[in-house]
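The values are calculated or read from the model by the stated rules, or taken from the named source; none is laboratory data. The model shown is predicted, which means the values in this text are computed figures rather than measured ones. No Cβ is skipped: glycine too gets one built from the backbone with ideal geometry, and neighbour counts run over all protein chains shown.
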Amino acid sequence: MANAATANSGERRREAVPRDEREPERRGEGPRARSLLALIRLVLAASAALVFAVAGTRRTATAWGLALAVLYAAYAAALYVAAERGSRLAQAGWLHWADVGWYTALIVPSGGLDSALFPFYFFPIMSASLSGGFAEAIRVAAVCAALAAGAAALPLLHGARPGPATAPLTHALLLLVVGYLVAQWGGKELEHRRRLALLGAIMRLPNPRLGPQQVMAHCLEHIRAYFGAESCVAVMRMQEGPSLLFLADGERAPVAGREIDAAMSDALLAAPTVSFVHCRGKTVELDPWSGGGAAPEPARAAAIAELLEASCYACVPLLRLGSDTGRLYVVRRDRGFSADDGAFLRDLAAHVAPMIENINVLDRIASDATLHEREKISRDLHDGTIQPYIGLKLGLEALRRRAGNGELADELDDLIAMTGEGIAELRRYVGGLRDRDLPRETSLVHAIWRVAEKYHDYYGIDVAVNVDTDLGLNDRLAAEVFQIVNEGLSNVRRHTASRQVTLNVRRQATELVLQIINHAATDGRVCAAFRPRSIVERVQHLGGRVDVALQADGGAVVTAEIPL
């Protein structure tokens, strides 16, 4: 199902959510936390050096320990500077393992289990829990316990008298128990930070001009990244028309509101309005007290799993004002979901559904207002602009009849033809304003081709048009794109001597890329540096950016990138 839904979503594989946006969701660390951990490491390193310095250097082991402590202090100071400067070195996932090695090397020459440095083992456990979660911290605690036992046995190899047999066991047990508590605390802290980061990312919505479908796709990609899932699928019933499918799989651009047939819609919406998790043939209901019905039968849950091509998935209902709107599926193929994961997903869906509904209402209001304004503009053009043009054409035709034959007659014929083309174009424009049923992509492509033909016929500028037919734009964004294209071609005509222009409009992952290339003029004139102010203002209003590049042959390339 995922393959079929994304077959036409583009071959260009880019990350749908930039890595910098996903980092808080994956690790949960911030600059302040990294700086604090680096400062604690530096304090511990200085303390270790102080312990060995106070003990003196008469023993060879103590001298080696002091040298190691000084090296560790220098290492910790370098990491602290890196953390303060925001370097990626301070974000490395191996730092807590390196600390385990340093502390083991320091504990052995300082007395083993009786060393004052023994509690230092709790720092890498805490660091691991804050950066890698509960599982990573437990692994670090187990390794520390094994190393502590080994450190206790090491002096026996050099002829030392054995101490109480319970001492190594007690210290190892202490590391495991306290390490477990620290891991639980750090794991919960990490989870809370990741959830706050996810909610913050969802609330930082793309431009509302892009419409509710793009906003929904944006939310799904962040949810998929948070859960580390293979894909995130949503199916929504529409009041008019077929159901819509939304899909984010982290590889291609998210599918934003693609119509699906009734069979697939019925199969995905067949799940009851309860939250449940299905994994390897077992189905567990997450909220049996909700009153939304029982979890689906094993056969139905297995059929949904086969459709999603998943061994494990979580399903939560999308509700709007208490009514059933759709379903949200998070798909994993290699691991299941905890009850806490399911509860958070349920709460997340309860937050996302009303937000999408509010944007949808605003979108309908804006669309109705736009249609009303278009009808008003079409009437004003018909009554106030086209009629004078018709009068001008009639006057020119009368003047042509009086002029007879000659050079003046040829120029009048050209003016009459140009006036007729202008009237026809205005009538097409008025008809387009009144037409509510024309698909927006088709309307945009046709409008761009018409303006390209106009520039060829009137100004002798050849415009090569390359426009993707499946841009997935709503009507207001399509209108903005057309105005940017029109302004760009007007700039070429008014400010350059170029007679060849290439126009590229394509969807690239989560961006709409619009490129206007005016090739070098035949007379050798070079395009001077410029900034298309009106285009920049329009694109920035949409949350995008504009780049102007001058070519070596005298041409220029204007590239506008609008986030979707």
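Please go through region 295-316 and give me each residue that is in a strand (DSSP E or B) and surrounded by fewer than 22 Cβ atoms within 10 Å (Cβ to Cβ), ordered by number. Result: Cys312, single match. Screening region 369-424 for residues that are closer than 21 Å to Asp457 by Cα and among the small types (Gly, Ala, Ser) and picking the one that is farthest from the chain's Cα centre (by Cα) gives Ala409. Taking the numbered list (1) modelled with pLDDT of 55 or more; (2) over 30 Å from Ala263 (Cβ atoms) in turn, Met1 passes all entries but (2).
With the requirement that a residue be of a type in the set (A, V, I, L, M) and crowded, with 18+ Cβ neighbours inside 10 Å, what does region 270-283 give you? I'd like the intermediate steps shown before the answer.
First, pick out the residues of region 270-283 that are of a type in the set (A, V, I, L, M): 270-271, 274, 277.
Within region 270-283, Ala271, Val274, Val277 qualify.
Only one residue in Ala83, Ala49 is in contact with a Lys or Arg (Cβ under 7 Å, 6 or more places away or on another chain), crowded, with 17+ Cβ neighbours inside 10 Å, at pLDDT 85 or above and among the small types (Gly, Ala, Ser), so which one is that?
Ala83
Being within 10 Å of Leu444 (Cβ to Cβ) and part of a helix (DSSP H, G or I) is the filter here, so list the residues in region 455-479 that pass it.
Residues of region 455-479 that are within 10 Å of Leu444 (Cβ to Cβ), as a first pass: 467, 469, 471, 473, 475, 477-479.
Result: Asp475, Leu477, Ala478, Ala479.
If you go through region 122-145 one residue at a time, do you hit one that is outside any helix (DSSP H, G or I) and modelled with pLDDT under 70? Among the residues of region 122-145, not one is outside any helix (DSSP H, G or I) and modelled with pLDDT under 70, which makes the answer no. Of all residues in region 80-106, those satisfying the criterion of being within 30 Å of His171 (Cα to Cα) and outside any helix (DSSP H, G or I) are Ala92, Gly93, Trp94.
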